[in-house]
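Written below as structure tokens is the structure these notes are about.
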Amino acid sequence: MTNDLVFDIRDISYAYDGKQAALENVSLTVRPGESLVILGANGCGKSTLLKLLDGLYFPTSGTIQAFGDPLTEAALRRDDFNFAFRRRVGLVFQDTDVQLFSASVMDEVAFAPLQLGIGREEVLLRVEQAMQALRIEKLRDRPPHRLSGGEKRRVALASLLSLDPQVWLLDEPTSGLDPRSQSWLVEFILKLRSEGRTIVTATHDLGVAKEIASAISVFDESHHLVASGAPGEILGDHDLLHRCNLSHFHVQEAQPVR
Amino acid sequence: MSLASSKALPKRSHVLEDTLHGISETLERGLFAEEISLRRGLLQGLDARVKVLATLALLVGVSLSRNLWVILGLYTLAFGLALASAIPADFFIRRVWLALPFFTGALILPALFITPGPVLLHLPLGLVITQTGLNSALFLLLRVSTSLSLALLLILTTPWNTILSALGVLRVPDVFILILGMTYRYIFLLLHTANDMFLSRKSRSVGALSNANARRILASISATLLGKSLNLSSEVYLAMQSRGFRNTIVTLKPFRMQRRDWLWLFIFLAVTGLAIFLGR
């Protein structure tokens, strides 16, 4: 696994059940240390792309290379490749209830390093550090279904931080969060970025994109990648954002309430 | 415009309300049990494995003892432990004795009347209560109430996820414990979803709802929940794979036995031994 690129995606398409298109002819590269934001409206295929990059789905056509090696079902069946890949790449799901499946917060944070062969003492140390970093020590014995939305998001991030992957895939990380939690999360992502982690974030929140992106790729509602570029260039193109259902103009002006 | 109508609406079916009430009650009960398990009390401070082993040992003691006074002593012990563990006495008694007829009613009633032995009381219709029948009924009643009390103590003083982890001491496979934990966790999630769906339906229902319609709604909500749970299960599997799960599971076993845990384990085992010896 050696290459200058983290991901090299060549002309991939993906369709659910072989019929329902989610991505069409997408080509994209992700460089080490980059904070790439995937912008697109609901249902444009952002989450599907992240699952493809995490080796959970496999393209109907086209190829994905991760760290210079083909990311395929056959490759992930090999223990050596699977361990190396899963240790380097982590995905935070949009729905935290999906991500948090363990019976307690501590079990959740310990899950990934334990499965990936890290020793018990080292896991305990990592769990403590991750819980401290995300300020969730007091939640350690709580079951995830008793947590608030913001707490669940922190636990989801801690469950990846304990693994400390090089590449973070974040699916709509700020959805459903109050402004304070959103601001905290942006700070967290900026810290990861400053530490040299590669981050791929799927979102339709232009404000978040502006704060965290070093590069942006835009998907339209017909599942095509329509633009890639620097944040200033993409976010300044109002026609593009409007066309892709990422910004809108009001026809009616607000009337004072009588 | 007045929201109150002068025309009385026909009586509605209670199927939706009853289901909603049942779901809310289950959620509340879970919340209350969890709140008790986090209180500072005698049993809450013990290692979960000690509680699992002690509960099993005392249950064996209750089953093997053939002396009514010994079983009564074990019930008193359970009640004392409940008080020392910050469990409200009235709640503890109600939870056991209200559930009792459900477990024992069908057995106790016939045993009272049909067990042969010296007659104690003559009843109308030629029915008699015998001394042996009364003894059998009392034994059954005390055995079940003491067993329920012991099990309730374990459940109320230990978070469910900790009980599951402690099952490892009984050599229950890790993967089985993980599945049980996930089942419990997602039952709550689906209960919340079901609650929201029922509330949403209720907020849009005006006027009478026939039993047939209420059942139809119930069926459609159940079908939607089934679909959601199937989707959830495949997503959860992906989330597990994403973090390195490959069909075998490695778990953290964070328990550490301390001196007081060993002491209490010894006490509980000694009480069990004594109960079996005295109750021969």
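No value in this document is a laboratory result; all are computed from the given coordinates. Small disclaimer: the values here were computed from a predicted structure and weren't measured. Note: ideal-geometry Cβ built from the backbone for every residue, glycine included; neighbour counts use all protein chains shown.
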Item to check | Cα gyration tensor of the protein assembly as shown - equivalent ellipsoid semi-axes, whole Å, descending | outcome: 55, 32, 20
Next on the checklist: Over the Cα atoms of the stretch B:157-216, what radius of gyration and what Dmax do you get, in Å?
Outcome noted: 18.8, 56
Checklist entry - Once Rh for the stretch A:139-190 is found with the Kirkwood sum over Cα pairs, what is the Stokes-Einstein diffusion coefficient at 37 °C and 0.692 mPa s, in µm²/s? => result 277
Checklist outcome for this item: Log entry: pair-distance distribution for chain A, C-alpha pairs binned every 5 Å from zero, whole % per bin is 1, 6, 13, 16, 18, 16, 13, 8, 4, 2, 1, 1, 0, 0
Checklist entry - Packing-wise, with mean Cβ within 10 Å as the measure, how do A:158-168, B:126-136 rank, highest first? => result A:158-168, B:126-136
Item to check | Rounded, prolate or oblate (a/c below 1.5 giving rounded, otherwise prolate when a/b exceeds b/c) for the stretch A:18-90 by Cα gyration tensor | outcome: oblate
Next on the checklist: Eigenvalues of the Cα gyration tensor times 5, then square-rooted: what semi-axes does that give for the stretch A:38-183, in whole angstrom, largest first?
Outcome noted: 26, 21, 11
Next on the checklist: Full-extension gain between B:R260 and B:A212, please, as 0.36 nm times their residue separation minus the C-alpha to C-alpha distance.
Outcome noted: 11.4 nm
Item to check | FRET E, pair B:F102, A:R146, Förster distance 35 Å, beta-carbon r, rounded to 0.05 | outcome: 0.75
Item to check | For the stretch B:115-210: Kirkwood Rh in Å [reciprocal of mean 1/r, alpha carbons] | outcome: 18.9
Checklist entry - With each label point set 7 Å from Cα along the Cα-Cβ vector, what nm distance links B:V175 and A:T63? => result 3.5
Next on the checklist: Per-residue counts of other Cβ atoms within 10 Å, averaged by peptide: what ranking do you get for A:194-205, B:178-189, A:15-26, B:158-169, highest first?
Outcome noted: B:158-169, A:194-205, B:178-189, A:15-26
Checklist entry - Quick one: in chain B, what % of C-alpha pairs are over 24 Å apart? => result 66
Next on the checklist: If I require 27 Å or longer along the helix axis, counting alpha carbons, and a Kyte-Doolittle average no lower than -1.0, what helices from chain B are left? Use full DSSP H segments.
Outcome noted: B:15-37, B:89-114, B:131-157, B:174-203, B:211-242, B:259-278
Checklist entry - What dipole magnitude, in Debye to the nearest 20, does the protein assembly as shown give about its Cα centre under +1 on Lys/Arg Cβ and -1 on Asp/Glu Cβ? => result 2320
Checklist entry - Could you give the nm distance between label points at B:L138 and B:D18, where each point is 7 Å from its Cα heading toward the beta carbon? => result 3.9
Checklist entry - Just the Cα atoms of the stretch B:168-280, one point each, no solvent: what log10 I(q)/I(0) does Debye give at q = 0.11, 0.19, 0.22, 0.23 Å⁻¹? => result -0.69, -1.08, -1.25, -1.29
Checklist entry - Along the charge dipole of the stretch A:16-127, Cβ charges K/R +1 and D/E -1, which of A:F83, A:Q65, A:F111 sits furthest on the positive end? => result A:Q65
Item to check | Label-reachable residues, the stretch B:126-157, where backbone N falls under 17 Å from a point 7 Å from B:N67's Cα toward its Cβ | outcome: B:139, B:143
Checklist entry - So, in the protein assembly as shown, how many Lys pairs have Cα atoms under 27 Å apart, if the pair is 8 or more places apart or on different chains? => result 24
Next on the checklist: Over the Cα atoms of the stretch B:29-104, each weighted equally, I'd like the Debye log10 I(q)/I(0) at q = 0.17, 0.18, 0.25, 0.27 Å⁻¹, rounded to two decimals.
Outcome noted: -0.81, -0.90, -1.39, -1.38
Checklist entry - When only C-alpha pairs under 8 Å and at least 6 residues apart count, what is the relative contact order of chain A, in percent? => result 26
Checklist entry - At what distance in nm do the modelled label points of B:R204 and A:K191 sit from each other, each positioned 7 Å from its Cα along Cα→Cβ? => result 4.3
